[in-house]
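Reading through the structure tokens given below for one structure.
The values are calculated or read from the model by the stated rules, or taken from the named source; none is laboratory data. Fair warning: this is a prediction, and the values are worked out from it, not measured in the lab. Using ideal geometry, Cβ is built from the backbone for each residue, glycine included, and neighbour counts are taken over all protein chains shown.
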Amino acid sequence: MFTEEGVVTCTCCYGLAWLLAVCFFFFLFSHGGSKFGTAKKQLRFLAENPEKASLVIRENNQTIIEYQPEQPMPLASVVKVIVAIEYALQVEAQRIDPTEWVSLDELEKYYIPHTDGESHPEWLAQMERSNKISGQRVELQEVARGMILFSSNANTEFLMERLGLDRINHTLAELPFSKHQEIYPYSSAILIPTYLRMKEDLSKRQLTTRITNMSHEEYKELAIFIHQQLKEGGKLIGLFQPEMDLFKKQVIRRLK
């Protein structure tokens, strides 16, 4: 598993091992070439952006390459692997039933348009094509697969709620990642700038300063607050859509 401290090999149940394998190949090959291109370009990026890069490669418990191994880096969608681990553990412990039905309306509450590269709509289209939707519902296991195979942010935030952030972070604390920050609803965080702009009547310049000076704890708490608002009705998205388009680039830069 990739973290800010490198690669960790896990011994676990069959279901968890399968999920980890899918996660590994998805993140390694699905997105690697789209942003950085060839290995040569990736090495050039490392050289030109040392403050944005950290790399550890180990083979058979031997370190092959180490470049700023202790430098904490944002995991972005790789954090979904940790949510997948908690999902597998709860299935194994029979805390959740992977065949339970989940309403698509519940998932849509967490969908923020134009912020996921159309991953969630593509997943829904695949569910339609494979006849996995019944009465506007899908099985929970399909939600988890959509989180990993399609990188659906909406599915991820639903699973954070269904599994429980406390349980996810408890599992995270038991993994050998000593410098990993707690997980929070990072997709809901996309709405933080628009929420602050409307609540505090900030100009664009004031908003930039406000977010830049915000503590990590306040940022996390705001993300959790917005997540709860979406859970209770999903109305914030429509309300914020004009503002979202204006500040989307700003938010993405803040999350990196």
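With in a strand (DSSP E or B) and at pLDDT 50 or above as the only criterion, which of 65, 85 stands out? Before you say what the answer is, go through the steps one by one.
On the way: 85 fails: in a strand (DSSP E or B).
Every option except 65 fails the conditions.
Applying the selection to the stretch 53-73, what residues are exposed (fewer than 13 other Cβ atoms within 10 Å of the Cβ) and under 30 Å from residue 152 (Cα atoms)?
Passing the criteria: 57, 70.
Quick check on residue 101: is it assigned by TED's automatic domain parsing to the domain that holds residue 149, of a type in the set (Phe, Trp, Tyr) and either under 27 Å from residue 162 (Cα atoms) or modelled with pLDDT under 70 (or both)? Spell out the reasoning first.
Working: assigned by TED's automatic domain parsing to the domain that holds residue 149: yes; of a type in the set (Phe, Trp, Tyr): yes; either under 27 Å from residue 162 (Cα atoms) or modelled with pLDDT under 70 (or both): yes.
Answer is yes for this residue.
Kindly provide the set of residues from the stretch 186-219 that are at negative phi and part of a loop (DSSP other than H, G, I, E, B), ordered by number. Show your work before the answer.
Here is the first cut: in the stretch 186-219, the ones at negative phi are 186-200, 202-219.
Result: 186, 187, 202, 203, 213, 214, 215.
Answer yes or no as to whether residue 183 is of a type in the set (A, V, I, L, M, F, W, C), modelled with pLDDT of 90 or more and in a helix (DSSP H, G or I).
no
With the stretch 96-166 as the region, which helices (runs of 4 or more DSSP H) entirely inside it contain at least 2 residues that are among the polar types (S, T, N, Q) and crowded, with 22+ Cβ neighbours inside 10 Å?
Details: elements: 104-108, 119-129, 140-149, 153-163.
Output list reads 153-163.
Take residue 91 and tell me if it is among the β-branched types (Val, Ile, Thr), at pLDDT 95 or above and within 16 Å of residue 187 (Cβ to Cβ).
Values: among the β-branched types (Val, Ile, Thr): yes; at pLDDT 95 or above: yes; within 16 Å of residue 187 (Cβ to Cβ): no.
Against the criterion (among the β-branched types (Val, Ile, Thr), at pLDDT 95 or above and within 16 Å of residue 187 (Cβ to Cβ)), residue 91 does not qualify.
Given the residues 202, 196, which is the only one that is free of Cβ contacts under 8 Å to residues at least 12 places away in the same chain and within 24 Å of residue 115 (Cα to Cα)?
Details: 196 fails: free of Cβ contacts under 8 Å to residues at least 12 places away in the same chain.
Of the residues listed, the single one that is free of Cβ contacts under 8 Å to residues at least 12 places away in the same chain and within 24 Å of residue 115 (Cα to Cα) is 202.
Given the conditions (1) out of contact with any Lys or Arg (no Cβ under 7 Å at 6 or more places or on another chain); (2) within 21 Å of residue 73 (Cβ to Cβ); (3) of a type outside the set (Gly, Ala, Ser), report the number of the one that residue 166 does not fulfil.
(2)
Could you please give the count of residues in the stretch 205-233 that are within 24 Å of residue 151 (Cα to Cα), free of Cβ contacts under 8 Å to residues at least 12 places away in the same chain and surrounded by fewer than 16 Cβ atoms within 10 Å (Cβ to Cβ)?
In the first step, residues of the stretch 205-233 are kept if they are within 24 Å of residue 151 (Cα to Cα); the result is 219-233.
Those left that are additionally free of Cβ contacts under 8 Å to residues at least 12 places away in the same chain: 221, 225, 228-229, 232.
Subsequent filtering for residues that are surrounded by fewer than 16 Cβ atoms within 10 Å (Cβ to Cβ) retains 221, 225, 228, 232.
Qualifying residue count for the region: 4.
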